[in-house]
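Participant: This is the structure I want to talk about, given as structure tokens.
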Amino acid sequence: MKNWDKTYKLMATLYGGKKGYHLSANGLALQFYGYGYALAPDAAAYESYWSRDYAYHQGPLGANTILPGYTEGSINILAMEPEVDSTSFSTTRALTPYLNFADVEAAEKRRTVALMSVSDEAGYYVDIFRSDLEDNDFLFHNVGTALALTDGEGRELSSQDVDRLELLSGDTGSWFTEKQISKFDGNFKADWTLPQGITSRLWMTGNEGRSIYRMNAPSTTLVDGLTPDDCGKTPNHTPVLLVRQIGSNAKSRPFMSVYESFKNSRPAVIGVRALLSGTSSVGIEVGVVDNRKDYFLSAEDKHTRVDIEGISLRGSFAQITVQDKEICSFYLGSGFLLEKDGCRIEVLGDNPVYAAVYRQENEIRCSATGRIRLTWQGKDCIVEAGLNQCIE
């Protein structure tokens, strides 16, 4: 997935599948990109198939995933936009200039990832990661020279050294060094410091039963130029975040995070908040600069209506932007209904539709893959399938 039209470019890889054909047993994993680099990568710094560290670099411990459980096998794409047809490798069309997403499940895991462009100069990623297990380890690698943990208000988390760490998958954790633990279950930030003035920041919403570990992992690559100033090249370590959740099923209480890379201490994201429904239909509110809030919802079942904090959704996914208390964009991903504060998308048909309403060049535009009834700012209209249609 990529949003490549603006100065600040976004790209993510979300992958799983059967082992073989250059696909390793990494779990349902992802990589995030920024400033021309894979900043949150899958590690690949082994010298050969016979190297001692081959198992780490080609297994889930070197990937951004959840352990234990699924490591390889079939995947199911529940929803994706832009969608690539079965005869193509890529697509040239998208419903909006600002949003891409994919919703993929594999065994007991399900991961919804969105790319959100804020402006020509800023954007971020949303990751809603479910795991239908009571105990889970969330692993996240990011290249850099240091990793700092703070709460949602910016206060440093207290930590203690850990001599031994056994992962829930049964791995000893011997690849990880300089391990520290923070007993904290609230919203937090993880900041990776990189060369070239880059900061990578991961916000995560809190949940009971959580412990947060930071530690060093083996290097990310053997190749020059793949990371900023070669900060991820051997022999440099990779700072790793591990979030452990015990006794709280991560299907209904998933790991929800927002990831952004920025320069010169100028982030776009200023806070996150979980939106919960009591089921595995969940969402996240993202606070953005300039008095803006972005809402992302991921539903358990696209055919069942869910109501979360004034938003009604019957579909797989939704995104809404509110700025200065006015709805600016409205996105329904593979669904039938989206409604908030008098704005409404209703599908006129039996099949799920992708539809978006947004402002572009001071005009209200609508894109849809099927026929919809749109209620927007007091106006009612029927919109046929099509891209970038003016509705004013």
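The values are calculated or read from the model by the stated rules, or taken from the named source; none is laboratory data. Since we're looking at a predicted model, the values are computed, not measured. All Cβ positions, even for glycine, are placed from backbone atoms using ideal geometry, and neighbour counts span all protein chains on display.
Participant: With respect to Ala274, is the statement that it is more than 23 Å from Thr150 (Cβ to Cβ) and among the hydrophobic types (A, V, I, L, M, F, W, C) true?
Facilitator: Criteria not met by Ala274.
Participant: If we keep just the residues of the range 266-280 that are among the polar types (S, T, N, Q) and surrounded by fewer than 19 Cβ atoms within 10 Å (Cβ to Cβ), which is nearest to Gly69 (Cα to Cα)?
Facilitator: Checking each candidate, the answer is Thr279.
Participant: To continue, here is another question. Just to verify a result, which residue in the range 189-203, among those that are touching a Leu at 6+ places or on another chain (Cβ under 6 Å) and not aliphatic (A, V, I, L, M), is surrounded by the fewest Cβ atoms within 10 Å (Cβ to Cβ)?
Facilitator: Out of the qualifying residues, it is Ser200.
Participant: Working only within the range 227-265, note down all residues that are surrounded by fewer than 18 Cβ atoms within 10 Å (Cβ to Cβ), in contact (Cβ under 8 Å) with a residue 12 or more places away in the chain and more than 30 Å from Asp135 (Cβ to Cβ).
Facilitator: Asp229, Thr234, Pro235, Lys263, Asn264, Ser265
Participant: Name the residue, out of Thr172, Thr199, Thr150, that is part of a strand (DSSP E or B), closer than 21 Å to Gln245 by Cα and among the hydroxyl-bearing types (Ser, Thr, Tyr).
Facilitator: Thr150
Participant: A further question on this structure: Take the residues in the range 229-248 that are polar (S, T, N, Q) and part of a loop (DSSP other than H, G, I, E, B); name whichever of them is farthest from Tyr259 (Cα to Cα).
Facilitator: Only one residue fits best here, namely Thr234.
Participant: All but one of (1) crowded, with 22+ Cβ neighbours inside 10 Å; (2) at pLDDT below 95 hold for Leu387; state the number of the condition that does not hold.
Facilitator: The single condition Leu387 does not satisfy is (1).
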